[in-house]
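Right, one structure below, let's go through it.
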Amino acid sequence: MPISVLLVDDNALFREGIAEILQKDGRFDVVGQASRGDEAVVAAARLQPNLILIDLQMPGMTGTEAIQRMRARDPDVPIGVLTMFETEDHVRASMDAGASGYLAKDATPADLCEAAAALAGGAQDLVAVPEPPNLPTGLAQSSRLLATLSPRELEVLRALASDEGNEAIARRLGISGKTLRNHIRSTYRKLGIYDRAQAVIVAVREGLVEVSPPRRT
């Protein structure tokens, strides 16, 4: 049986990207998604997943509070914190809230899936962070490949990490839809990626979009 996963993150496009990575791995079934902490608590009670992956920084109820509430309802469900923040304080805060482990958003897809499987298998106090020398091809070489993008292509990449559709992006950038599509194709080709979900992962990993640190509770 696949590992049922509840995925919680307020960035819809990033969430879809992680969901796609997990689904393609073959060991996971993303049975639910939520964008807020309170939604996560309700979804966890309804779906009873084998694994919960949750961000700390969300509007309304924080990830930390959601973890505490989900842990109170189900002391055994594995909960992995999925975030960009790798300082010791953030790791400790998430573990104190009841998390089983900590998975960095910029971990490689393979490392993310292995860590998620380990958590679902009962691993505790797991911390999975990327090691830059081992970055894989394509998505993983984005740091070097970003230098090949034109200023307009960088602007397009940032825009793709928003919740805007292509029509709204083109209007905001003052270009036609056809020109935007050409820029997107060129950006994907240069970065060795194939869809918008991967573009969001690159933009977040490389700091092209602002991600606020989690609020302390």
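The values are calculated or read from the model by the stated rules, or taken from the named source; none is laboratory data. Since the structure is predicted, the reported quantities are computational estimates derived from the model, not experimental observations. Each accessible area value is taken on the protein alone, full model and side chains, heavy atoms only, with ligands, DNA and RNA left out. Shrake-Rupley method; radii C 1.70, N 1.55, O 1.52, S 1.80 Å.
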- request: Using only protein heavy atoms and a 1.4 Å probe, report how much of SER35 is accessible, in Å² to the nearest 10.
  value: 40
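Mean projection of the alpha-carbon convex hull of the stretch 1-49 over all orientations, in nm²? Write out the running numbers ahead of the final one.
Numbers: hull surface 12.2 nm².
Average of the hull's projected areas for the stretch 1-49 equals 3.0 nm².
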statement: So the pair-distance distribution of the stretch 1-84, from every Cα-Cα distance in 10 Å bins, comes to percents of 20, 57, 22, 1
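Probe radius 1.4 Å, ligands and nucleic acids ignored: give me the carbon and sulfur share of the accessible area of the stretch 1-80 as a rounded percent.
49
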message: Cross-link candidates for LYS24: which lysines have Cα within less than 30 Å, leaving aside residues fewer than 8 places away along the same chain?
response: LYS105, LYS190
